[in-house]
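Below you'll find the structure, written out as structure tokens, and then a few comments.
Read-outs: derived from the displayed coordinates by stated rules, not from any lab. None of these values were measured; they are calculated from a predicted model. All Cβ positions, glycine included, derive from the backbone under ideal geometry; neighbour counts span all protein chains shown.
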Amino acid sequence: MKNTLKINKLLLLGLLIIVSAAVLHIDWKTEVPVGLADSSDTYVLLQRPQVIQAGIEWTQVQEKWTQYQEKLSATGNSHKAKLALAELCVQEARVTGEHGYYYPMALELTESVLTTPEIQSDLLFYGLTLKAGVQLSLHEFVKAKETGLRAQALNPHNAQICGVLTDCYVELGEYDNAIQMADRMVAIRPDLRSYSRVAYLREIYGQVDGAVEALEMAITAGYPGDEETSWAMLTLADLCLEYGDAEKAGTIYRRILMDRPNYPFAVAGLANVEWKKKNYRAAEDYFQRALSIIPEVGFFIDLAHLKKELNQPYEYLVRDILGMLEEDTEAGHIMNMEYAGVHHDLLEEHQLALSYLEKEYQVRPNNIDVNSRMAQIYHALEEKEKAQAHLTAALMTDSQDPFIKEISQVIAHN
């Protein structure tokens, strides 16, 4: 059974819903300086690797970073500049993969604003929305939900916060609440972000054709070449590949690369297409190309799976993977699912994998991905009743996910 880790595209899309300063119509001229300038408030933007600088996009990021940093230096404690910098941190974490650097910085910036007495309500809402998005990315789902609900109480008709809460409810397995929140989001603002959430919920409920339709609507609503549009296209390609249409998936990955020639996730997508076709040399070449762009742990994991399948040495990759997971954990990122996958799939240490999954299950016992993994590991440990109980929970939405279906067949015949 092939058990490569499934990346939750909805969760990563959650990082696209953060409200920008432009959306909030922040007027820099109206801000009153708070305190004295403090030279210690210096936040460093990491240089993007040349292959992912994406032309004018990187230039604009640098210009904005400098603008906000100068605003901080001039005023000493500009709430607006801090939140704008936090938003750029979220963007750069997603683009560069430097999660351990940018997410703690984003939390520090937002927290320094949110703990200020008598903060303006629009900035409080903006800060809470940013904070919830970062908490989601760190897999702090309960905290993200709490933060998101605080933000929604300030602005219940905002589409972005509906998106944050949709993501929280999905991750926590509160699917009925997720549907209601996604419906509200679409009603308020039918766009790429809301259609993407509808797509994921349709997939969860086994409506694969409907999920494809919603993603196509999302892509149509986006701007060609924009990173958000590319991510929606990537999600569609991954969906096609997962459900058996490798040719369509490959076509979409290549379309993405026409707009963003070194988009690492599309390169890794082509690796999985070639793997599916049993073109193993081409698959490895694509994985190595993706890794040369950004050292994304998911690419290492996929490459390790490929090498294990081919009976090639992969232990050196596992050492790198565990080191990266440890670094992410030290930076505040909860990696229980990833650790469980590595220990079960690559090292075949089922009991240790279970210990990580049990931590995740305590937080979100109704999530179908968590339950499908629990079913898989209990089956490996020959605890049939527990495996069946978790499988039943994983099937509660009638998901057609091939991974869940495969586990179901294995358990039924053993």
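I want to verify the translational diffusion coefficient of the range 335-414 in µm²/s; compute it with Stokes-Einstein, Rh as the Kirkwood radius over Cα pairs, at 4 °C and 1.567 mPa s.
106 µm²/s
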What is the dipole size for the chain, taken about its Cα centre, with +1 at each Lys and Arg Cβ and -1 at each Asp and Glu Cβ, in debye to the nearest 20? 560 debye
The relative contact order of the range 335-414, taking Cα pairs under 8 Å that sit 6 or more residues apart, comes to a percentage of 23 percent
The range 235-291: trypsin sites (Lys or Arg not before Pro) in DSSP coil with no more than 11 other Cβ atoms inside 10 Å: K278
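Using 1/(1 + (r/R0)^6) with R0 = 22 angstrom and r between the beta carbons of T220 and I56, what's the FRET efficiency to the nearest 0.05?
0.40
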log10 I(q)/I(0), Debye, Cα-only the chain, no solvent, q = 0.09 Å⁻¹? -0.55
Ranking L136, V95, A375 by how far each Cα lies towards the positive end of the charge dipole of the chain (+1 on Lys and Arg Cβ, -1 on Asp and Glu Cβ), the top one is V95
Computed over the chain, the relative contact order (Cα-Cα under 8 Å, seq sep at least six) in percent reads 14 percent
For the range 196-318, what is the largest minus smallest coordinate of the Cα atoms on each principal axis, given in angstrom and ordered from greatest to least? 43, 30, 23
Can you tell me which of M258, M233, M181 moves the most in a GNM of the chain? Springs connect C-alpha atoms under 10 Å apart. M258
For the chain, built as a Gaussian network whose Cα springs stay under 10 Å, the top-fluctuating residue of Y195, Y68, Y126: Y68
For the chain, build the charge dipole from Cβ charges (+1 Lys, Arg; -1 Asp, Glu) around the Cα centre, then report which of H343, N272, Y356 sits farthest towards its positive end. N272
